[in-house]
Amino acid sequence: MIRGTWSLTDPLVPVNIPATMLKVGEDKGVSRDDLLKNTGISAEVLDDPSARLTYQQLLFLAENLIRNYPDDSVGLDLGAAININQFGMLGYAILSCADLRSALQLGIKYHTLVDPAFTFEVMNLGDTSAVRLTSHIPFDHIYRMICDVFVAPFSTLARFLTGRYDAQPIEVHLNHPEPEYAARYREFFDCTVKFDQPRTEFIIDNTVLDFKLVMADKATAAMAESQCEEILARMGPKEGIIAKVRRILLSNPGHFPPVDDVASQLATSTRTLSRSLQDVGTSYQRILDEVRKEMAIEYLRSSNLPIEEIAALVGYSDPSNFRKAFRRWTQNAPSYYREGKS
């Protein structure tokens, strides 16, 4: 394994969220046996608050939940069932923060205590900020569920933490086509929800980030964060190999290094890098295509650059090859995004 990374077989996932996944499935009539089939998860493990599962087990559980669920909105139902208590010590630390901004910063710092396979960031856009999700799960159906799980509890948690109804986004962007259950997003957000976006994110007014938290307590926040730091230190400061590769690709947009250069930057061999990516179900080419897709959609949405220039910016000297690749990535022509689809 490449130094400083985690694998699907590392016991990193606390039982809180898997237990919630079971409850959501059972509430919809899915049997526990069907949900736990081939996962290697036992009832005894789920009853142990100190236990941790591997991400491979979590993926098997997610696969079973999606396959047996009566409709496609499982991610929204799961997101609605998640509350701050299920984040363990991190949730306790968040409850005690001074404001939403510091709560988000704490979440960014310690999110691996809850789920190591995604990252999020807060980008200042002037009067607004974007809270952006990047999931490192290379399976499209599970990725879509994770996007819904990410967006569904945001407003409910923000309102709970602040006691204010207006603690919600201006817009919600989702990095997938509009689903049949699109109307359900209005159960969570009193704002515009846009699909087929470059990334999954919330656009939020910066004044909302300064909303004070109802249970803010400086001493308690410091104590809880110290506990989070200790837990993270015991787990080890690991990062997913997909996240490492993405960071290298995004560090110099438009000039994407070949896989052997990326391996060199990670102080490993091309063969070891390829094997590590294969172990988590992906490849260098797939990650590169995802980065190019995100960049291309962003350029199409936010600029008037001609297709030829956008093709060059994402590494294609031939616009016709770019168009073919873009259709393969999104099942749409570039014009679909240029025409203001939302």
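The values are calculated or read from the model by the stated rules, or taken from the named source; none is laboratory data. Remember, predicted model here, so these are calculated numbers, not experimental data. Here the Cβ positions follow ideal geometry from the backbone for every residue, glycine too, while neighbour counts run over all protein chains shown. Protein only, heavy atoms only, side chains kept; ligands, DNA and RNA dropped before computing areas. Shrake-Rupley method; radii C 1.70, N 1.55, O 1.52, S 1.80 Å.
The table below gives the values:
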item: Test: residue 99 is charged (D, E, K, R) and crowded, with 20+ Cβ neighbours inside 10 Å; result: no
item: Long-range neighbours under 9 Å by Cβ, at least six apart or interchain, first residue over 22 Å from residue 263 (Cα atoms) within segment 282-301, second basic (Lys, Arg); result: 294/199; 297/199; 298/199; 300/338; 301/338
item: Search result, residues across segment 177-198 that are surrounded by fewer than 16 Cβ atoms within 10 Å (Cβ to Cβ) and in a loop (DSSP other than H, G, I, E, B); result: 177, 178, 180, 181, 190
item: Residue 32 being open to solvent by 20 Å² or more (accessible area, probe 1.4 Å), among the basic types (Lys, Arg) and farther than 23 Å from residue 111 by Cα; result: yes
item: Residue in segment 121-136 that is in contact (Cβ under 8 Å) with a residue 60 or more places away in the chain, open to solvent by less than 50 Å² (accessible area, probe 1.4 Å), among the basic types (Lys, Arg) and within 26 Å of residue 246 (Cα to Cα) present; result: yes
item: Among residues of segment 284-309, those that are aliphatic (A, V, I, L, M) and over 26 Å from the mean Cα position of the chain (by Cα), counted; result: 2
item: Any hit, segment 142-149, residues being in contact with an Asp or Glu (Cβ under 8 Å, 6 or more places away or on another chain), closer than 23 Å to residue 29 by Cβ and surrounded by 18 or more Cβ atoms within 10 Å (Cβ to Cβ); result: yes
item: Some residue of segment 52-63 being assigned to a loop (DSSP other than H, G, I, E, B), of a type outside the set (D, E, K, R), at pLDDT below 95 and more than 16 Å from residue 146 (Cβ to Cβ); result: no
item: Residue match in segment 332-342 (condition: outside any helix (DSSP H, G or I), touching a strand residue (DSSP E or B) at 6+ places or on another chain (Cβ under 6 Å) and among the hydroxyl-bearing types (Ser, Thr, Tyr)); result: yes
item: Per-region count, segment 19-50, residues closer than 17 Å to residue 66 by Cβ and assigned to a helix (DSSP H, G or I); result: 13
item: Of residues in segment 230-267 being at pLDDT 85 or above and out of contact with any helix residue (DSSP H, G or I) (no Cβ under 8 Å at 6 or more places or on another chain), the one nearest to residue 313 (Cα to Cα); result: 258
item: Residues of segment 67-83 classified as within 16 Å of residue 155 (Cα to Cα) and crowded, with 18+ Cβ neighbours inside 10 Å, total; result: 7
item: Selected residue (only one of 186, 159 is at pLDDT 90 or above and more than 25 Å from residue 283 (Cα to Cα)); result: 159
item: Residue in segment 5-14 that is open to solvent by 30 Å² or more (accessible area, probe 1.4 Å) and at pLDDT 90 or above present; result: no
